[in-house]
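Accompanying notes for the structure given below.
Each reported figure results from applying straightforward, stated rules to the coordinates on display, with no laboratory input. If you're wondering where the values come from, they're calculated on a predicted model, not measured in any experiment.
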Amino acid sequence: MNKVKSVKPLANGVLFVEFENGRRGEVDIKPYMTSVFFARLKDPSYFAQVGLFFAGVGWPEGQDLGPDTLEHDLKVAAESA
């Protein structure tokens, strides 16, 4: 399994994610925000509280995304493509 090494919140519901294998890029989280479980992420100050959670990322109230989901949705940065 490819684990998330670092995560940084960007504007408009996007995360910059770097994996242990060196792949990195942006993941648009907005499509997940349509569900009740992820609706809290629409608040930019809450969204900015993202951190590493097990092998993926998560927020203080329990919302999380695993590394497989993040890697599937990753728009790879040009230098690591």
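Here is how the numbers come out for the structure above:
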item: The chain: C-alpha pair distances exceeding 15 Å, %; result: 50
item: Other-chain or far-sequence residues with amide H under 5 Å of Val14's (modelled H); result: Ile29
item: Value of [θ]222 nm, deg cm²/dmol, for the chain, DSSP H segments ≥ 4, -39500 (n - 2.57) each, nearest 500; result: -3000 deg cm²/dmol
item: Karplus (6.51, -1.76, 1.60) ³J(HN,Hα), θ = phi - 60°, over region 61-66, in Hz, Gly and Pro reported as x; result: 8, x, 5, 8, 9, x
item: Integer Hz, Karplus 6.51/-1.76/1.60 couplings in order for region 4-15, x for Gly and Pro; result: 6, 8, 8, 9, 9, x, 10, 6, 6, x, 10, 10
item: Residues with amide H under 5 Å from that of Ser6, placed H, sequence gap 5 or more; result: Glu18
item: Length added when fully stretched, Ser6-Glu61, from 0.36 nm per residue minus Cα-Cα; result: 17.8 nm
